[in-house]
Structures are given as C-alpha cells and as structure tokens.
Amino acid sequence: MRWAVAARRAALGGTGEGLIDRELAGDRTSKGAQSAARARAAIPTSVAKEAAWRAATEPGGRSTPVLEAVVAGFADETCPTDLLTPYRSRYAEQIVDTWADRSPAEAPVLARGLFPEVAGSTVSMADGLLARSDLPAGLRRILAERRADTVLALQCQERSRRPVAES
C-alpha cells in the first residue's frame, strides 16, 4: 500500500525522489526496486521523463520487471500530454533499432509501452512505420494493434464531444 501511495503521489507531482528513496530504503526487495523505478518514471517533469526514456531505451542491467515498471511509469495515464509529445518522433526513429537490439522479452515491452499518446499525429507516425518493408513481423503486429487502439480512442473522444441527442 505504501508503494501505491508513493507512486500515485509521484505521478501527480506531489512528491519527488526523497519519498521514493525513503520507501526504497525500507524495502530492498525486487518488488521495491520495481515500485521505485515506476514511481521515478512517473514524476511529471521533463527531467524525469528523459531519465525514464533513457533508462528504458538504453541497454543496461535492468531486469525485465524493472524495465516494465519504468515503461509503465513513463506512460502513466495522469502524465500531461505535453511531456510525452516530444517522444513521438524519438519512438519513430528508434523503435526498429531498439527491437533489433533488445531481447525477445524486452522488445515487445518497449514497443507497446512506449508507443506514443493518443493523437492524430500518432496514427500518422504509426502509418509511416507500417509502410516500411523491413519491419520484423512481431513489431509490425504490435504497431498495427497500437495504431488500431489509437484510432478507436480518437473515435471515442470525438463521439464524447458530440452533444447527446434528446429523446
């Protein structure tokens, strides 16, 4: 419960590294490492998002569960969109090489979890990637799924903006 509170406070900008460090000092388990990684990545600042992006995309000695936690924190649903928008072009530029360079366990985590936020330009970015003839089949499938999810989310957003017809 303490980690859930710390992570939510971090994602909402209500705490910083200090609380996360204190919680981690009291929880030296693998679950504690995962929770701390997620909380740090969820902090809604450009510095925290950049650190999370690098932690996720640069090869390192992280376990897959810690990598999953970093990715989940980076893309936390409460994150202001403007903090994630700059990563759309970086995703498009890096995902093919990242897929090739990472393990079969890590590559799908990154392809799914770092897929950019819901926006029309995200659909265009996905279309550009899907037009490539050199995409590995697994990456192509994930991109097509995430693109379809984005299109559906945009349709739902549009529908929710329409006035409700009176009966």
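So the values come out like this:
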quantity: Among residues of region 111-134, those that are open to solvent by 80 Å² or more (accessible area, probe 1.4 Å) and over 23 Å from A55 (Cα atoms), counted; calculated: 4
quantity: Any pair with Cβ under 8 angstrom, 6 or more apart, that starts in region 43-72 at a residue that is closer than 18 Å to R90 by Cα and ends at one that is open to solvent by less than 80 Å² (accessible area, probe 1.4 Å) and among the hydroxyl-bearing types (S, T, Y); calculated: K49/Y87; W53/Y87; T57/T98
quantity: Single match in P108, P116 (criterion: under 16 Å from the mean Cα position of the chain (by Cα) and part of a helix (DSSP H, G or I)); calculated: P108
quantity: Cβ pairs under 8 Å, 6+ apart, first in region 125-138 and without any contact (Cβ under 8 Å) to a residue 24 or more places away in the chain and within 20 Å of R88 (Cβ to Cβ), second open to solvent by 20 Å² or more (accessible area, probe 1.4 Å) and among the charged types (D, E, K, R); calculated: D127/R147; L130/R140; L130/R147
quantity: Options V118, V151: the member that is of a type in the set (A, V, I, L, M) and over 24 Å from R8 (Cβ atoms); calculated: V151
quantity: Inter-residue pairs, beta-carbon under 8 Å, first of a type outside the set (A, V, I, L, M) and in region 90-104, second open to solvent by 70 Å² or more (accessible area, probe 1.4 Å), 6+ apart; calculated: D101/P59; R102/P59
quantity: Of residues in region 83-97 being crowded, with 16+ Cβ neighbours inside 10 Å and either in a loop (DSSP other than H, G, I, E, B) or hydrophobic (A, V, I, L, M, F, W, C) (or both), the one farthest from the chain's Cα centre (by Cα); calculated: V96
quantity: Selection status of A100, in a helix (DSSP H, G or I) and open to solvent by less than 30 Å² (accessible area, probe 1.4 Å); calculated: no
quantity: Flag for A137 being buried (at least 17 other Cβ atoms within 10 Å of the Cβ) and modelled with pLDDT of 90 or more; calculated: no
quantity: Where a residue in region 140-158 is within 15 Å of F115 (Cα to Cα) and small (G, A, S) and its partner, wherever it lies, is open to solvent by less than 80 Å² (accessible area, probe 1.4 Å) and not in a helix (DSSP H, G or I), with Cβ under 8 Å and at least six apart; calculated: A153/V118
quantity: Residue among P108, P80 that alone is surrounded by fewer than 19 Cβ atoms within 10 Å (Cβ to Cβ), farther than 16 Å from R38 by Cβ and modelled with pLDDT of 95 or more; calculated: P108
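The values are calculated or read from the model by the stated rules, or taken from the named source; none is laboratory data. Because the structure is predicted, anything quoted here is derived from the model rather than measured. Heads up, the Cβs are rebuilt from the backbone with ideal geometry, glycines too, and the neighbour counts pull from every protein chain shown. Ligands, DNA and RNA are stripped out before the accessible areas are found, and what is left, the full protein with its side chains, is counted by its heavy atoms. Shrake-Rupley method; radii C 1.70, N 1.55, O 1.52, S 1.80 Å.
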